[in-house]
C-alpha cells in the first residue's frame, strides 16, 4: 500500500468514526426527549482534510450545542420592563420569547412563552437547575479518539506486515 492509499484510507476511517459519533450523539439527543424541530441535530457537521500527510477531522454544531448537557444558565445581563407605577419586573426580550413560543408550538406544549423565557433568563433552564447531564455527547467524544486510534493502528500494522512480506 503506497502513502497516498494510506492517506485515503486514514481519511475514510476518520470520516466513518466522526459520522458514527455524530449518529450516536443524535440518538442520545432523541432518546433524552430533546429533539423538537431537528435544527440542532441537523447542525452537526463533520469535515476531514489531509494536509502534508496529516489527516484532521472536525465535528461542528450550532452555537450553544453544549447546552444539550449543561442546560442554559441564567443570563448575565437581565432584562426588565417598567410598570405604570414605575416599578420594574424581569421580562425576557421579545426575540427570546418568540424562540420559546416556536419551540413550544413545535413540541406541542401549551405554556406561557413569556413565563418560560423569563424563568430561563432569571433562573436558568430546568436542566441547568438540576445540574445538567453527561450522556448526550460526552461519552461519544471520549470514545471517538480511542476508536480512531485503534483503527489507524490496525491500518499501520497491516502496512508494516505487507511491507515485510514484500521483502
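Here are some notes:
- When Rg and Dmax are taken over the Cα atoms of region 61-160, they come to 21.2, 81 Å.
- Amide N of region 1-24 lying under 19 Å from the label point, which is placed 7 angstrom from the Cα of residue 51 along Cα→Cβ: 7-8, 10-12, 14-15
- Anisotropy class of region 74-123 from Cα gyration tensor, a/c 1.5 cut: prolate
- Residue 35-residue 142 FRET efficiency (beta carbon distance; Förster radius 30 Å; 0.05 resolution): 0.85
- Region 74-123, relative contact order [Cα under 8 Å, separation at least 6], %: 40
- Approximate spin-label separation residue 64-residue 87, in nm, with each point projected 7 Å along Cα-to-Cβ: 3.0
- Computed extension length for residue 123-residue 75: 16.5 nm, one decimal, from 0.36 nm per residue of separation with the Cα-Cα distance subtracted.
- Its relative contact order, with pairs defined as Cα atoms under 8 Å and 6+ residues apart, puts the chain at 27 percent.
- Sites residue 130 and residue 42 - FRET efficiency at Förster radius 25 Å, r taken between beta-carbons, to 0.05: 0.40
- When each of 88, 48 is scored by the number of other beta-carbon atoms lying within 10 Å, the sequence from fewest to most is 88, 48.
- As a proxy for reagent exposure, 85, 60, 135 were ordered by neighbouring Cβ count within 10 angstrom, fewest first; the result is 85, 60, 135.
- Ordering 53-59, 10-16 by mean Cβ neighbour count within 10 Å, with the highest value first, yields 10-16, 53-59.
- Annotation: extensible slack from residue 7 through residue 158 equals 53.0 nm (criterion: 0.36 nm per residue apart, minus Cα-Cα distance).
- Taking max minus min of the alpha-carbon positions on each principal axis, the chain gives extents of 91, 30, 25 Å, largest first.
Since every read-out is calculated from the coordinates, none of them should be taken as a lab result. Please read all numbers here as calculations on a predicted model, not as lab measurements. When we count neighbours, we look across all protein chains shown, and the Cβ atoms used for this are built from the backbone with ideal geometry, even at glycine.
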